[in-house]
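Trainee: Submitted below is the structure of interest, expressed as structure tokens.
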Amino acid sequence: MTFKKFSKDIWLLHFSTFFFFLGIALVFPLISPLAILLGATPLIVGSIASISSIVALFLKPFGGFLGDKGWKFQVMMLGSILGAVAGVFYVLSVSLGNLTLFAVGRGIHGFGMALFFPSSLATAIELAPKGRVGETLGWRGMMFSLSNLIGPAVGGFVADYFGFQSAFIFTILLSLIAAGFVSTAYRTNQKKNKQKKTETSENVSYRLLLNPFFIAASLSLLLLSLAYSGMFTFLPALYKVIGLGTSAFGIYASIMGGFSLLTRVFGGREADRRGPIPVATFGFLLLLLAYALLALNPTPPKAYLSAIPLGMGFGFAIPSLQMMALAKLPQKIRTFGSSIYTMFFDLGYLSGPLIFGYIAQLKDSYWVVFPILPAVILIAVIILQLPRFFKGKKPKQKRCS
């Protein structure tokens with residue numbers, strides 16, 4: 001496995017993914033502390049954290065539709081630019097002490113994700129070398145993990161020592177850099193895109209999305225996101241309430257991102273060799289272990305032990321789920337399929353903070369959130385096994401890569 005086996009276009013898009021999600025990762029650990037600082041209740045904290053997912057949930061099919069019309073690179077560029085616009089609203093919200101402006105920024109960021117994510121994922125699959133879809137998704141996922149490794153820690157420390165505004169200015173710059181990488185990839189890949197467009201002119205039914213592998217992968221992603229959003233929203237809120245700085249959660253997220261970084265490519269390669277279901281199952285079992293450990297010890301330093309299997313679990317589960325859901329879809333509907341698949345992540349990320357925020361407010365405690373997370377992942381493990389019973393009935397699909 002060497003870098004030169006992948007085309008320049010793949011690496012340009014991988015780097016755009018890194019910078020786009022780095023801009024998002026900088027903001028994540030700051031949402032709850034800033035909202036609390038501006039006077040938000042636990043339910044409002046959860047609602048603010050969910051706004052970007054609400055917008056992305058409804059607009060991703062639109063982004064996927066545009067991508068399947070041959071405009072993948074254009075919508076990725078626009079999504080990156082919207083990330084920079086969101087950063088401007090974040091800066092203004094701090095300057096004016098206005099929670100509404102921050103909420104608007106979260107909505108704009110959600111629109112940017114709705115445009116960027118489906119086309120980015122579909123393009124990675126389409127440009128992957130034959131037989132190495134999982135590995136390519138692993139490299140793409142590694143860029144996401146690297147952003148999680150660097151982003152929360154940088155965002156947390158910058159916010160602690162230089163203020164929220166400085167952290168949000170980073171978001172603006174990083175989003176613009178992502179747009180530059182997409183633009184470069186577009187210029188070097190225009191001819192190839194035209195060829196691909198003519199190669200996929202056949203009529204393909206969206207009913208191909210209704211297969212057990214796509215459905216099981218999407219539902220498992222929903223539950224993964226539900227648990228993850230509850231942890232990612234209310235663990236930093238807990239640390240804020242008990243008097244810890246934003247850097248406490250930044251360290252947790254960085255440990256998680258680091259171990260996800262170490263396993264993403266390996267997990268993708270194993271999915272190519274063994275199939276996505278066994279590798280995804282192993283990843284979810286690691287997530288189950290992680291959330292059980294977190295429920296027992298949610299505060300530092302013991303909490304940091306749970307970040308290790310959590311990151312490793314994501315490293316194995318995410319590329320495998322993506323391959324399971326999307327790799328064998330026809331190219332003409334793959335970007336739309338990517339939008340539907342990733343909508344389940346947004347649905348989980350939307351409902352998680354709302355559900356767990358309601359529970360936390362009902363019990364007047366953030367502590368009650370964490371013992372629920374292992375049960376959510378256990379349900380996902382069960383759902384993930386269902387396609388094994390339908391292997392003989394799997395619909396024939398043309399593979400495009």
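The values are calculated or read from the model by the stated rules, or taken from the named source; none is laboratory data. Since the model is a prediction, treat every value here as computed from it, not as a measurement. Neighbour counts are summed over all protein chains in view; Cβ atoms, including those assigned to glycine, are modelled from backbone coordinates with ideal geometry. Areas reflect the complete protein model, heavy atoms only, side chains present, ligands, DNA and RNA absent. Shrake-Rupley method; radii C 1.70, N 1.55, O 1.52, S 1.80 Å.
Trainee: Using mean Cβ contacts within 10 Å as the protection proxy, how do 347-355, 210-218 order, highest first?
Mentor: By packing density, highest mean first, the sequence is 347-355, 210-218.
Trainee: Per residue, how much accessible surface does the chain expose to a 1.4 Å probe? Answer in Å², no decimals.
Mentor: Heavy-atom accessible area per residue stands at 39 Å².
Trainee: Mind putting a number on the dipole of the stretch 208-386 about its Cα centre? Charges go on the C-beta only, +1 for Lys and Arg and -1 for Asp and Glu, and I need it in Debye to the nearest 20.
Mentor: That gives the stretch 208-386 a dipole magnitude of about 320 debye.
Trainee: Restricting to Cα pairs below 8 Å that are 6+ residues apart, what does the relative contact order work out to for the chain? Please round to a whole percent.
Mentor: 27 percent.
Trainee: Now a separate question. Evaluate the charge dipole of the stretch 8-189 about its Cα centre and quote only its size in Debye, nearest 20, assuming +1 on the Cβ of each Lys and Arg and -1 on the Cβ of each Asp and Glu.
Mentor: For the stretch 8-189, the charge dipole is close to 360 debye.
Trainee: Using a 1.4 angstrom probe on heavy atoms only, work out the carbon and sulfur share of the accessible area of the stretch 208-386 in %.
Mentor: 75
Trainee: If you don't mind, another one. Using label points projected 7 Å from each Cα along Cα→Cβ, tell me how many nm separate Leu244 and Leu38, to one decimal.
Mentor: About 2.4 nm separates the two model spin labels.
Trainee: Using just the helices of the chain, give the 222 nm mean residue ellipticity in deg cm²/dmol: DSSP H runs with n ≥ 4 each add -39,500 (n - 2.57), and the total is spread over all residues, rounded to 500.
Mentor: Result for the chain, helices only: -29000 deg cm²/dmol.
Trainee: I want to verify a result. In a Gaussian network model of the chain, Cα cutoff 10 Å, which of these has the top mean-square fluctuation: Lys240, Lys130, Lys328?
Mentor: Residue with maximal mean-square fluctuation among Lys240, Lys130, Lys328: Lys130.
Trainee: A further question on this structure: Report which label in [x] 32, 24, 18; [y] 45, 24, 19; [z] 58, 28, 21 holds the value of semi-axes √(5λ) of the Cα gyration tensor in Å derived from the coordinates of this structure.
Mentor: Among [x] 32, 24, 18; [y] 45, 24, 19; [z] 58, 28, 21, the one derived from this structure is [x].
Trainee: Go from 0 up to the bin containing the longest alpha carbon distance in the stretch 271-373, width 5 Å each, and give me the % of pairs per bin.
Mentor: It works out to 3, 12, 15, 17, 19, 14, 10, 6, 3, 1, in whole percents.
Trainee: For the stretch 86-111 and the stretch 306-380, write down the distance between their C-alpha centroids in whole Å.
Mentor: Going from one Cα centre to the other spans 25 Å.
Trainee: On to the next question. Where does the stretch 6-122 land on Rg/Rh, using Cα atoms and the Kirkwood Rh?
Mentor: On the Cα set of the stretch 6-122, Rg over Rh gives 1.03.
Trainee: Let me ask you something else. Quick one: if the Förster radius is 35 Å, what FRET efficiency do Ser205 and Ser166 give, using the C-beta to C-beta distance and rounding to 0.05?
Mentor: 0.10
Trainee: About its Cα centre, how strong a charge dipole does the chain have in debye, to the nearest 20, once Lys and Arg get +1 and Asp and Glu get -1 at the Cβ?
Mentor: Computed charge dipole of the chain: roughly 1860 debye.
Trainee: What three numbers, in Å, describe the spread of the alpha carbons of the stretch 208-386 along their principal axes, ordered from the longest?
Mentor: Principal extents (largest minus smallest coordinate, Cα): 52, 32, 25 Å.
Trainee: While we're looking at this one, here's another question. Would you list the membrane-span-like helices of the chain, meaning whole DSSP H runs whose alpha-carbon atoms span at least 20 Å along their axis and whose mean Kyte-Doolittle value is at least 1.0?
Mentor: TM-like helix candidates: 8-37, 42-66, 72-96, 99-127, 212-241, 276-296, 303-326.
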